[in-house]
Amino acid sequence: MSNESKNQTVIYIIVVAAITLFITLGGFTSVINSIANILWLKKAAVNGPDPRLIFPLGICGDDSSLSVAIEHQTPKPASKYLAGLAMLRMGDLANAEQLLKQAMDEGISPYSSPYALGVVYHLRGKDAAQIWQKNSDIIRMQRMGNACELAGNNELASDYYRFVLDNLKSSNINLDREIYREIVLFFAQTTDEESFNRAYQSYISLADSDSLEYYRTLATVCRDHGQPLRALEYYQVVLERTPDDDNAWWNAGRVYQALEDYETAREYYRKADELNPNTPLYYIYIGNTYLFQKQYDKAGEWLEKAIDIDPMNTWPKTSLAQVRIGQKQYDEAFNLVIQAIELKQQDYAYALASDILFQKQNYLSARDYLLKALELNPERINYLYKLVLICEKLKDEACVLDTYQKIDQIELNNKNK
């Protein structure tokens, strides 16, 4: 390796390490953006954007960096690939498709371009599978599905996982088993029974029926698929073998909570907390069991503990807001919801704010917040029924009629699925 190549490699390692450190310490976004822009501009001036600089670009999500990728694109396939990614992120799907096709045809990264091009196809209503099937390997497709799942894009995750189910043909039993396990856990939480059953049967055929992972998986599948009693049987096996597994105690508690046995659920959550103290998640679950039983004072105590430990978590804030609603402390409830919205815009938080304003008979503002919730989740039927109630209070007949028409259309679409 030449000295120049060694120096470049050292620079890349330093940049990645520095970015990782800044993120760990909590931000410095402007510094990261500046580094990214300098790197992009320097490399683009000579050779066009360098594929190794995707990392800072992906972290920054900075429009100026994206613009550099587009402005300085060269005839090189790597440059077209990065410009295509930039177009994709900026919403220019037609140009993204053209650039990514060129990059793939000219030989850039035999898996990266088809991934990105498949995403473009999906967003443009085309058949993503046709591009993935020809050009992508199963492992990376499974990882893309996992990434989409973690990002909350279950529709795209489903597409990736179905592709894997259709095309997984390897001789590595351990790897296949793990892939099927991940997919069955995903589809257990959806209404796609066909994909769930395919993944489940494939997993069972490869699983070691005496392993802890087998029992954990079946417990989770049964819990998420409406078989709570069977789930408890499997969790009991796990707890007998690993009594210090706080996660298993918590998951078993969730099953008891689903069965509305809140006292037993709390016992399991407290055991999980004993094993792993000061875990905000366990406090939230304990607090919510008291909330469901309308024991507002006790619920508030546990949820406040969770907020003290993890003030950036929106969930205990919205749960505590519900406690305050139960106590008719509407102003404090509204402030908690606004804090949650400032941390993360969620349809549920906007809808909760609307509920509070409705209780205070501030119907105009209640409608505004509910419309924001519907912007984020336009097909949530219960939001639309709440909107009907608000519009009736406002004597807005056009709003009532329009909302009922939307409800009818969504219900018709659901019947035809």
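Which entries of Lys294/Lys317; Lys344/Lys393; Lys294/Lys393; Lys298/Lys328; Lys317/Lys386; Lys328/Lys372 have Cα-Cα distances beyond 20 Å here? The partial results should precede the final answer.
Details: Lys294/Lys317 17 Å; Lys344/Lys393 30 Å; Lys294/Lys393 28 Å; Lys298/Lys328 16 Å; Lys317/Lys386 22 Å; Lys328/Lys372 24 Å.
From Lys294/Lys317; Lys344/Lys393; Lys294/Lys393; Lys298/Lys328; Lys317/Lys386; Lys328/Lys372, over 20 Å: Lys344/Lys393; Lys294/Lys393; Lys317/Lys386; Lys328/Lys372.
The label-point distance for Tyr404 and Gln295, in a model that sets each label 7 Å from Cα toward Cβ, rounds to 4.4 nm. Using only Cα coordinates, the Kirkwood hydrodynamic radius of the range 144-291 works out to 16.3 Å.
Here the residues Asp176, Asp297, ranked from fewest to most Cβ neighbours within 10 Å of their Cβ, fall in the order Asp297, Asp176.
Suppose a student asked you for the relative contact order of the range 177-221, using Cα pairs under 8 Å spaced at least 6 residues apart; what percent would you report? Intermediate values should be presented prior to the final figure.
On the way: 31 pairs, mean separation 19.9, N = 45.
Worked out over the range 177-221, it gives 44 percent.
Starting with the highest mean, order 196-202, 235-241, 317-323, 358-364 by the number of other Cβ atoms within 10 Å, averaged over the residues of each peptide. Let's see the in-between values first.
On the way: 196-202: 18.6, 235-241: 16.7, 317-323: 24.1, 358-364: 14.3.
Packing proxy ranking, top to bottom: 317-323, 196-202, 235-241, 358-364.
One Cα centroid belongs to the range 193-215, the other to the range 277-336; the line between them spans 37 Å.
Determine the gain in length on full extension of the stretch Glu332-Glu260; use 0.36 nm per residue of separation and subtract their C-alpha separation, reporting nm with one decimal.
In short, 23.1 nm is gained.
Any read-out appearing in this document is the output of simple, stated calculations on the displayed coordinates, not a laboratory observation. Keep in mind it's a predicted model, so treat the numbers as computed, not measured. Backbone-built Cβ (ideal geometry, glycine too); neighbour counts: all protein chains shown.
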